[in-house]
Amino acid sequence: MEVGDGRSPARVVNDRVYVAVGRDVREGRSTLSWALNNFGDDFRIVHVHQPQQLNPSPRPFYGSGSRNPQELARQEMESILDEYIHMCTQAGVPAQKRHVEMQDIGKGIVELIEQHAITKLVMGAAADRCYFEGMAQLTSAKAKFVNQHAHPSCRIWFVCNGHVIYSREGDLSTFDMDITSSVLPGRSIVESGLQNTRSPSLDSVHSRSNSSEVEDDLALVQYERGEGSNRVTGMEGSYSEDLYEQLDQAMKEVARAKQEALEELIRRQKAEKTANEATRKLKALENVYNEELRLRKDREKLLAQEKEALEVLKKCHEELQLLNEELLANQTSEPSSAHGQEFISEFSFSDVHEATESFNQELVIDKGAYGTTYKGLLHHMQVAIKMLLASNYHHEIQVATKLRHPNLVSLIGVCPDATAAIYEYLPNGSLEDQLSARGSSNHLSWQTRIHICADTCAVLIFLHSCYGLVHGDLKPGNILLDSNFVAKIKNFGLCSAPSHSPMTGELSFASDVYSFGHVLLRLLTGRSGLNLDEVMERALDVGNLSAVLDPTAGHWPFELAKELALLALRCCDSDSNNRPCLSSEVWPILERMRTHCEASLSSQPDPEEPAQPPQYLICPISHEIMQDPHVAADGFTYEAEAIRIWLSGHDTSPMTNLQLSNRELFPNQTVRSMIQEWLQNHES
């Protein structure tokens, strides 16, 4: 390409090394270090500054003391470039900085290459973190753009993490063809002191370069000039002063608009921050309110539960008071009625508390679904104190005061404050205790077991026929034995049912018969278990009854034992309609068996003792054998005439000297039969 007179300029190419760096000093440091290690000449640090983008405003305004954000950004850029210059100074390499303002970094680097006639450029190929061993391709978009659009005369080393990734060779032969468009205009700009106007990109508001810097860089490019060397055509004359003034005014307006937009953005950010803070506080207050509301609801719920519990306690207290008043009224109105509620003693809570030694667990003799029973000493008398549930107290007291029978545990008194019933204490415990005491020397004889069967049958007939009550829980544990081994049942009268059950499992008279049959099997075998009826059936089928009889009962009469076993199996029949009637079928058999066992006892007198009647056949008052035995309210049996005479002048028991709950007498048919048998055996 010819300049002026057509001669090619003799060129000394700009041989300085230019290093393109970015805002991230850490990334640019590795690129500059590589250049310093491989080149030792004069350096130029080049940088593309990206100006801030602000929305234009017709009236930009900066408050007192405020500065243009564009100027602030430029100052920050200068500070960053100074760091790179400092690195070069430390390495002993002179360096200067060059920059251009443009939004696109790749275009800015291409622009710098053209402005400064750069022939040696070192720039980044990609971010250092993207480097990998064997990397040979450019990954950065700006690196690819520069590689494609940079002037062909410029040789470029693309570096990543201190390693050359790619090197583009420069063709200096192309330097001539573009010298008038790329270099000479810049030269004329330097000489005139105006901005480079050789291309639109240099005229835009996004690209700025100091003309003195361009002049300095292009000073190395020398030309042999002829006559026409000064005839380079400039473009500065194509613009008038008016155009420059308009352009300057427009740029000022744009700057003001950007400033206003920035201030508006800051105000909005502050307002948004204030709103977010208010929302956060509101949320916190809402959470506190919700927690207080939840606690309040919990307190209200707890208060309602306490009120409900208090109402229940008040209701129970009122029921107990009514029961006590009813008992007292019946005591005064019908003290001797056979069908009314008899007189019973009322004890205080302190009496019960003292009698049970503060409810000592070692004194517990029974614990079941109906309550816990303690052995206690109440007013110098051994008693059984049953602590009842409040829901069962009223019903059990009513039944216990109404029902009186020699084979029912007698009620002595009540304690409404403790919801306790005080019963007579039976020293020989329950039938279950006796059958389970296998190691004891005091075993129940077969005669005593027959008496227990008869006593239990008699009281069941009493409950069924007289009051229509079902025991519902007949078992050896609910059959107690007094000092003479007379059977008395407890937990009675808690159920009522028809005489037969249409459905299996429903409590009825027939269910009591089934339970009674199981008691007979326990007395025969001394065993416990649910399949005793099957064991007994197999023994009878093979003719080996003696193998299943309890040997601790003594020598069972075979026929009597077999008859009793067959009776027990009938009572345990799975079909309730096939079970025998207690009063018409079972009682006659047991009555005959009891007579038989009494005869066996009387036929074996002690040779060392005279034939004296047993103590339980002697009246405690007259000390003679009884002829008409009757049971009083204290549970003891007396001669009828003797006890009537006693009661005509006393209201206490002749045996315990304690006040009797009533003065009613009941014939003791069991003792009467025993007396008659004993007399017959000894008269003969």
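Taking amide H as placed 1.01 Å from N in the peptide plane, Ala95 has its amide H under 5 Å from the amide H of Phe43, each at least 5 places away in sequence or on another chain. Using the average count of surrounding beta-carbon atoms within 10 Å as a protection proxy, the listed peptides 260-267, 281-288 rank, highest first, as 260-267, 281-288. With a Förster radius of 60 Å applied to the beta-carbon distance between Arg23 and Asn290, the computed FRET efficiency rounds to 0.80.
Of the cross-linked pairs Lys402/Lys475; Lys314/Lys402; Lys107/Lys252; Lys488/Lys562; Lys273/Lys297, those separated by over 29 Å at the C-alpha level are Lys273/Lys297.
Remark: Phe39, Phe485 ranked as Phe39, Phe485, counting other beta-carbon atoms within 10 Å and listing the fewest first. Each label was represented as a point 7 Å from its Cα along the Cα-to-Cβ direction; for Ile266 and Glu308 these points are 6.5 nm apart. Per-residue Karplus couplings for region 674-682, computed as 6.51 cos²θ - 1.76 cosθ + 1.60 with θ equal to phi - 60°, are listed in order as 5, 5, 4, 5, 5, 5, 5, 5, 8 Hz, Gly and Pro entered as x. Less than 5 angstrom separates the built amide H of Ile165 from those of Phe158, Val159, Cys160, all sequence-distant by 5 or more or on a different chain. Peptides 635-646, 558-569 ranked from most to least packed by the mean count of surrounding Cβ atoms within 10 Å: 635-646, 558-569. Kirkwood analysis of region 256-305, using all unique Cα-Cα pairs, places the hydrodynamic radius at 14.0 Å. Rounded to whole numbers, the Karplus 3J(HN,Hα) couplings from phi for region 144-160 are 5, 5, 5, 4, 8, 10, 5, 4, x, 6, 8, 8, 10, 9, 9, 10, 9 Hz, using 6.51 cos²θ - 1.76 cosθ + 1.60 with θ = phi - 60°, and x at Gly and Pro. Taking amide H atoms as placed 1.01 Å from N in the peptide plane, the amide H of Tyr374 lies under 5 Å from those of Ile365, Ile385, Lys386, Met387, each 5 or more residues away in sequence or on another chain.
Between His317 and Leu545, residue separation times 0.36 nm minus the direct Cα-Cα distance comes to 76.4 nm. On the principal axes of its alpha-carbon atoms, region 277-425 has extents of 87, 38, 25 Å, going from largest to smallest. Working note: Karplus 6.51/-1.76/1.60 with θ = phi - 60° gives region 99-105 the couplings 8, 9, 9, 6, 6, 8, 5 Hz, where Gly and Pro are set to x. In terms of Cα atoms, the Rg and Dmax of region 605-684 work out to 13.9, 43 Å. How far is the Cα center of region 408-487 from the Cα center of region 74-151, in Å? Region 408-487 and region 74-151 have Cα centres spaced 111 Å from each other.
Distance between the 7 Å Cα→Cβ label points at Ser583 and Cys466: 1.2 nm. Suppose R0 equals 25 Å; then what is the FRET efficiency for Asp433 and Glu357 from their Cβ-Cβ distance, rounded to the nearest 0.05? Computed FRET efficiency for Asp433 and Glu357 comes out at 0.70.
Simple point charges give the picture: +1 on the Cβ of Lys and Arg, -1 on the Cβ of Asp and Glu, and for region 605-684 a dipole about the Cα centre of about 340 debye. Using a basic spin-label model with each label point 7 Å from the Cα along Cα→Cβ, how many nm lie between His555 and Glu169? With each label placed 7 Å out from Cα toward Cβ, I get 13.7 nm.
For Asp298 and Met381, a Förster radius of 56 Å and the Cβ-Cβ distance give a FRET efficiency of 0.65, rounded to the nearest 0.05. A simple packing score, the average count of other Cβ atoms within 10 Å per residue, orders the peptides 152-163, 305-316, 403-414, 123-134 as 403-414, 152-163, 123-134, 305-316, with the highest score first. Its Cα centre serving as origin, region 372-491 has a Cβ charge dipole (Lys and Arg +1, Asp and Glu -1) of approximately 120 debye. With N counted as the residues of region 428-603, its alpha-carbon radius of gyration over 2.2 N^0.38 Å works out to 0.98.
All of the numbers you see were taken from the coordinates with simple rules; none came from a lab. This is a predicted model, so every value here is computed, not measured. Positions of Cβ are generated from backbone atoms using ideal geometry, with glycine treated the same way; all protein chains shown enter the neighbour counts.
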